[in-house]
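The values are calculated or read from the model by the stated rules, or taken from the named source; none is laboratory data. Everything numeric in this text was worked out from a predicted model, so none of it was measured. In this analysis, Cβ positions are derived from the backbone assuming ideal geometry, glycine residues included, and neighbour counts consider all displayed protein chains. We work out accessible area using only protein heavy atoms, side chains counted, and drop any ligands, DNA or RNA first. Shrake-Rupley method; radii C 1.70, N 1.55, O 1.52, S 1.80 Å.
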Amino acid sequence: MLKPKLFSIIKHRNVELSKNQIMKDITSGIIVAIIALPLSIALGIASGVTPEKGLITSIIAGFFISFLGGSRVQIGGPTAAFVVILSGIIEKYGYEGLVVATIMAGIFMIFFGFMRFGSVIKYIPYTITTGFTSGIAVTLFSTQLKDFLGISIKNVPSDFLGKWQAYLSNISKIDITTMLVGLGSLLVIILWPKINKTIPGSLIALIIATLVVKFFHLPVDTIGSRFGHISNSITFIDFSKFHINIYIIKELIRPAITIAFLASIESLLSAVVADGMIGKKHNSNMELIGQGVANIASALFGGIPATGAIARTAANIKNGGRTPIAGIVHAIVVLAIMLIFMPFAKLIPMTTLAAILIVVSYNMSQWRSFKGLLKSTKSDVAVLIVTFVFTVVFDLVVAIEIGMVIAMFLFVKRMSESTQIENSSEYYKDNLEEIEGDELILEQTDKLYEHLGSEILLYEISGPLFFGIANTFIDTMNEIESNPKIIIFKMRYVPSMDATAFNVLKTMEEKCKEKHILILYSEINEQPMKLMRSAGMVSDIGHGCFFNDTENAVNTANEIINSKIRI
């Protein structure tokens, strides 16, 4: 049922909305807002927009993600995963292009939700999510070095290798004062949690660095020197000033799908992590719809793409948040801070914001998971490395596309190797020696398998019959050295069969018919039998060729050979 989690909780308010819980949610919302404040400003700037747009995203998108989403505790806003993608879109199409792409992405996400695609997250390999997340972390880190070190480069190349080449060739231009302020900010962020875990170290570093730079008049680049006047108002986008045509919209479809795909993955991953922490279950399809509406609203009011933020969501849970009220309060508090304190934001040093994002990139790198996956199978390592390298060197879209293709091919290979087609004729005959009982039973059993292994071949198939096993099936049949009169396929352990495998069976039927070889089938499961019936194969070759029991099939095969009926 597509119903926002907040509405479900309100319906059962006597159970979940106690006064005590509401106070916990309000307190948690205030704390999360304080955590979100420096991150929103830093992520907005890193994405290539002005700092207030990051705050607008936390306010507008954060509100709608909590109000209409399918999770109890999800906190929405701008995240580091989007930085590289958004900066690329802005560089090529401008902020106008980003607005259109974000609205399109929101529409795609709403479509995903209504089409019940919420469970698709389980089909994305962990190696791919780890690979591109680590790749984004490395890329994000590389984008922050210029501001962190105060390197005076006018036009930094957008590609990863070009950036590092520019940094290395301009290493002599590092500003020592800027670097020291950045290092100091970094130390505060790292060491502050040992003093207080409630107030985020990023906020403390931001306040201290701003005060130091202001009162000591340090020659350090700030938000004000970079962007000039910073607005503290939220207004509806004026589309009359946009210069967007149908051709640009067509070009923006691919970036929009990328935003929608990444936002969907990250929000659902965050929701799954949150479920494990609170012992509840989110509605994945409603979450996608809520995220879609939130992204459209964010774009319409001058924000950037948003998704569920794992770190902020975890902070919400740890501080007692258990309902969407916490997320709504978080949005309201960020709005209040923006309206009151935004004029002071122009004093914030750019190197401090870079330090905040360097810590974010480290936290999202998942280097422990990455290191652990390197000990996995060769195929998993290949997918991991390819996704990581392509994310860093090229872009996220190419990385996910190539990673998914490789993962699918390797999956098909593993599945095809798991399906076995074995000649079980000799196995059945060898078991005759182990049969105990009177001579009459032994004589009857011996007679039952009289022609097995010579004129009758019994093949046992284990595993799914699909396109990946088709050639193996054909090769196995071509390797038959004897000239059997009857081949029996025991399919008890074949759970499913696709069109390609079915076509191979049909082709084999025709070839065997030309050689006067009869094919019998035993113990076929429901799905393969349904396919064979609907395709007309059962009626074409006759119901008498299908058996529920393998011994009956062998017995019938013996009777046919003993009766010397021409096949």
So which residues in the range 482-536 are open to solvent by less than 10 Å² (accessible area, probe 1.4 Å), assigned to a helix (DSSP H, G or I) and either in contact (Cβ under 8 Å) with a residue 60 or more places away in the chain or farther than 12 Å from LEU465 by Cα (or both)?
-> PRO528, MET532
Which is under 25 Å from LEU206 (Cα atoms), outside any loop (DSSP other than H, G, I, E, B) and among the hydroxyl-bearing types (Ser, Thr, Tyr), of THR133, THR139?
-> THR139
On the phi < 0 side of the Ramachandran plot, touching a residue at least 60 places away in the same chain (Cβ under 8 Å) and of a type outside the set (A, V, I, L, M, F, W, C): does that describe SER231?
-> yes
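Looking at ASP147, is it open to solvent by 10 Å² or more (accessible area, probe 1.4 Å), among the acidic types (Asp, Glu), more than 15 Å from ILE259 (Cα to Cα) and at pLDDT below 90? Please lay out each step first, then the result.
Numbers: open to solvent by 10 Å² or more (accessible area, probe 1.4 Å): yes; among the acidic types (Asp, Glu): yes; more than 15 Å from ILE259 (Cα to Cα): yes; at pLDDT below 90: no.
Here the answer is no, as ASP147 does not meet what is asked.
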For the range 390-406, indicate whether the set of residues that are without any contact (Cβ under 8 Å) to a residue 24 or more places away in the chain and either acidic (Asp, Glu) or buried (at least 16 other Cβ atoms within 10 Å of the Cβ) (or both) is non-empty.
-> yes
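Here's the yes/no breakdown for (1) in a loop (DSSP other than H, G, I, E, B); (2) within 30 Å of THR127 (Cβ to Cβ):
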{"residue": "LEU218", "(1), (2)": "yes, no"}
{"residue": "GLY224", "(1), (2)": "no, no"}
{"residue": "SER231", "(1), (2)": "yes, no"}
{"residue": "ILE234", "(1), (2)": "yes, no"}
{"residue": "SER240", "(1), (2)": "no, no"}
{"residue": "GLU251", "(1), (2)": "no, no"}
{"residue": "THR258", "(1), (2)": "no, yes"}
{"residue": "SER264", "(1), (2)": "no, yes"}
{"residue": "SER267", "(1), (2)": "no, yes"}
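For every residue, the table says whether it meets (1) open to solvent by less than 10 Å² (accessible area, probe 1.4 Å); (2) more than 30 Å from ASP275 (Cα to Cα); (3) part of a helix (DSSP H, G or I); (4) in contact with a Leu (Cβ under 9 Å, 6 or more places away or on another chain).
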position: GLY44; (1), (2), (3), (4): yes, no, yes, yes
position: GLU52; (1), (2), (3), (4): no, yes, yes, no
position: LEU55; (1), (2), (3), (4): yes, no, yes, yes
position: ALA61; (1), (2), (3), (4): yes, no, yes, no
position: SER66; (1), (2), (3), (4): yes, no, yes, yes
position: ARG72; (1), (2), (3), (4): no, no, no, yes
position: LEU86; (1), (2), (3), (4): yes, no, yes, yes
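Right, ILE259: touching a residue at least 12 places away in the same chain (Cβ under 8 Å) and more than 17 Å from the chain's Cα centre (by Cα) or not?
For ILE259, the condition - touching a residue at least 12 places away in the same chain (Cβ under 8 Å) and more than 17 Å from the chain's Cα centre (by Cα) - is not met.
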Across (1) under 29 Å from GLY88 (Cα atoms); (2) surrounded by fewer than 24 Cβ atoms within 10 Å (Cβ to Cβ); (3) of a type in the set (D, E, K, R), GLU287 clears everything bar (2)
Residue pairs within 7 Å by beta carbon, gap of at least six or interchain, first lying in the range 336-362 and open to solvent by less than 60 Å² (accessible area, probe 1.4 Å), second among the hydrophobic types (A, V, I, L, M, F, W, C) and not in a helix (DSSP H, G or I), listed first then second, are MET342/ILE230; ALA345/ILE230; PRO349/VAL220; THR351/VAL220
